[in-house]
Amino acid sequence: MPAGTAAPSERVPVGVDPTRASIARVYDAFLNGKDNYEIDREVLRGVQKKAPEAQDLATENRGFLIRACRFLAAQTGVTQYLDLGSGLPTAENTHQVVQRLVPESTVVYVDNDPVVLAHGRALLEENDLTHLTSADIFKPREVLENADVRANLDFSQPVALLQAGTLHHHVGDPDEPARIMREYIDALAPGSYVVISHFLDPENEHSAVARKMEDVFVHSPMGSGTFRTHDELMELFGDLEMVPPGLIRCADWWPDGPRIKPLNQVQHCIAGGIGRKK
């Protein structure tokens, strides 16, 4: 079968191109999901050639997101969530985590990937406090002025804004992600929180594998996946007050238990943190 085609048994939703890799579907492949095609699995295999543990980029990102959502729901009093670049529905989505702890929480997911929108109906069926809308997350004005976002979130009150595993897929001016985040942060009320996870160049013995993975991502059919240093990632938070322990490897951000196994090389290459707007 030619590379980049869907197997006969793979049903393709209307509007989805199975010959072009999708960020959401590639992440689904990294998480051993079923909503991906050969072109997406090709990206996974390419990164695995450089780092066999490459799937831990996705699993550590997902684990960090879940723990961050538990923290926000349990300790901050915030009941409004704007999840940008939400990706394909999987286990323990943002709304499932926060609504388990605070049932009245409202969650708005934003994505413009056709495959995400095609599968998003499952989110909408769970309850009337969970919403999915289409917008380009790298265009803050488009998101902030979106009718569904405005109808369901009150920006005069604190909001938890999530950019989990998204900003490293921005293509173009390397300074643009910081400007994007500045515009989002300016729109938030005091007491709001911002969650960011991002591929990391740890600037140590693991930098080489980070840059090898970056090269594969950028030159793959997906075409994006930038690894930034700790200082570069801190710029994304602007002047927010960082929640302890600050920006740190995802694996080390309030893990669920003591660490027995040492981190592998890939687990050193993705970081996350939460900032609070004063």
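Normalised by the number of residues in the chain, the average gap of Cα pairs under 8 Å and 6 or more apart makes the relative contact order 20 percent. Note on Cα Rg over 2.2 N^0.38 Å: of the candidates (1) 1.11; (2) 1.02; (3) 0.96, the value calculated from this structure sits at (3).
Between Phe138, Phe199, Phe155, the residue with the greatest mean-square fluctuation in the GNM of the chain (Cα pairs under 10 Å linked by springs) is Phe155. Largest GNM mean-square fluctuation among Thr19, Thr79, Thr166, using the chain with Cα springs under 10 Å: Thr19.
All other residues whose Cβ lies under 14 angstrom from that of Ala51 are scored, Lys and Arg at +1 and Asp and Glu at -1, for a net of -2.
Hydrophobic long helices, here whole DSSP H runs in the chain with Kyte-Doolittle means of at least -0.5 and Cα atoms spread over 30 Å or more along the helix axis, are not found. Normalising the average separation of contacting C-alpha pairs (under 8 angstrom, six or more residues apart) by the number of residues puts the relative contact order of region 222-278 at 47 percent.
What value, in deg cm²/dmol to 500, does the helix sum -39500 (n - 2.57) over DSSP H runs of n ≥ 4 give at 222 nm once divided by the residues of the chain?
Helix-only estimate at 222 nm: -10000 deg cm²/dmol.
Each residue of region 133-149 was assigned a 3J(HN,Hα) from its phi angle through the Karplus curve 6.51 cos²θ - 1.76 cosθ + 1.60 (θ = phi - 60°); the sequence is 9, 9, 6, 8, 5, 8, 10, x, 4, 4, 6, 5, 9, 4, 4, 5, 5 Hz, with glycine and proline shown as x. Only alpha carbons enter this Debye calculation for region 207-272, each as an equal point scatterer, and the log10 of I(q)/I(0) it gives at q = 0.17, 0.28 Å⁻¹ is -0.75, -1.21.
Plainly put, region 53-116 has a radius of gyration that is 0.99 times its Kirkwood radius, both from alpha-carbon atoms, as the Rg/Rh ratio. Per-peptide packing, taken as the mean over residues of other Cβ atoms within 10 Å, places 220-232, 30-42, 58-70, 256-268 in the sequence 58-70, 30-42, 220-232, 256-268 from highest down. Net charge of the neighbourhood of Gln163, taken over other residues with C-beta under 14 Å away and scored Lys/Arg +1, Asp/Glu -1, is -2. The relative contact order of region 145-278 comes to 31 percent, based on Cα pairs under 8 Å that sit 6 or more residues apart. Would region 169-278 count as rounded, prolate or oblate if I go by the C-alpha gyration tensor, calling it rounded below 1.5 in a/c and otherwise prolate when a/b exceeds b/c, oblate otherwise? Because a/c hits 1.5 or more and a/b fails to exceed b/c, region 169-278 counts as oblate.
Rule-based calculations on the coordinates, nothing more; no lab input. This is a predicted model, so every value here is computed, not measured. Note that we place each Cβ from the backbone using ideal geometry, even for glycine, and neighbour counts take in every protein chain shown.
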